[in-house]
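Nothing in this text is a laboratory measurement; each read-out follows from the coordinates by a stated rule. These numbers come from a predicted model, not from an experiment. Don't worry about glycine lacking a Cβ; one is built from the backbone with ideal geometry, like all the others, and counts go over all protein chains shown.
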Amino acid sequence: MTRILITDDDPDFVEILTMILKKEEYQVDCAANGNEALARMRASPPDALLLDVMMSGVLDGVNVSFQMAQDPALKNIPIVMISSIPDSPHADQFPTDEYVPISAWITKPVQPEQLLETIRRLVH
């Protein structure tokens, strides 16, 4: 069974994503911030990571993606970055002029079909 780790500090959003993924028979694990996500992935790597940009820090998700890229055990896990940052007051802090090591980008509010299509493309 394909395992997806959702990393987001919004419990309502996590619950919605969990329902969408479980309906499609994905196994779901959750983390509320970047440090928790890294610990969970090091203990048991998922098949893909859904990662929010803004959690405990404005660029917490970006920092996680860079740490994963430097970790041989985590660097091949596909990352789907999910955020509302383009519509937020923090949009100017997102590093648009540099490479962010992610596999796909989805903007909130997430469309279920787009999410599922993106995951299928990355893990199958």
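Would you please give the residues with an amide H less than 5 Å from that of Leu51, counting only those at least 5 places away or on a separate chain, with H modeled from the backbone geometry?
Those lying under 5 Å, H to H, from Leu51 are Thr7, Val80, Met81, Ile82.
When the Karplus curve 6.51 cos²θ - 1.76 cosθ + 1.60 is applied with θ = phi - 60°, which whole-Hz ³J(HN,Hα) does each residue of the stretch 7-14 get, with x for Gly and Pro?
Once θ is set to phi - 60°, the couplings for the stretch 7-14 become 10, 7, 8, 9, x, 5, 5, 4 Hz.
What are the ³J(HN,Hα) couplings of the stretch 99-108, residue after residue, when phi is run through the Karplus curve with 6.51, -1.76, 1.60 and θ = phi - 60°? Round to Hz, x for glycine and proline.
These are the phi-based 3J(HN,Hα) values: 6, 10, x, 10, 9, 7, 10, 10, 8, 6 Hz.
Once amide H atoms are placed 1.01 Å from N in the peptide plane, what residues at a sequence separation of 5 or more from Asp29, or on another chain, have their amide H within under 5 Å of its amide H?
Correct list: Ile4, Leu5, Ile6.
The stretch 3-123: D in µm²/s via Stokes-Einstein (Kirkwood Rh, Cα pairs, 10 °C, 1.306 mPa s)?
Rounded to a whole number, D works out at 112 µm²/s.
Applying the Karplus parametrisation 6.51 cos²θ - 1.76 cosθ + 1.60 with θ = phi - 60° to the phi angles of the stretch 77-83, what ³J(HN,Hα) value in whole Hz is obtained for each residue in order, glycine and proline being reported as x?
6, x, 10, 9, 7, 10, 6
Once amide H atoms are placed 1.01 Å from N in the peptide plane, what residues at a sequence separation of 5 or more from Asp10, or on another chain, have their amide H within under 5 Å of its amide H?
When sequence neighbours closer than 5 places are left aside, there are no close amide H contacts.
Charges at C-beta only: +1 for Lys and Arg, -1 for Asp and Glu. How large is the resulting dipole of the chain about its Cα centre, in Debye rounded to 20?
Value, rounded to 20: 500 debye.
Lys and Arg at +1, Asp and Glu at -1: add these up for the other residues within a Cβ distance under 11 Å of Pro45 and post the number.
Value of the local net charge: +1.
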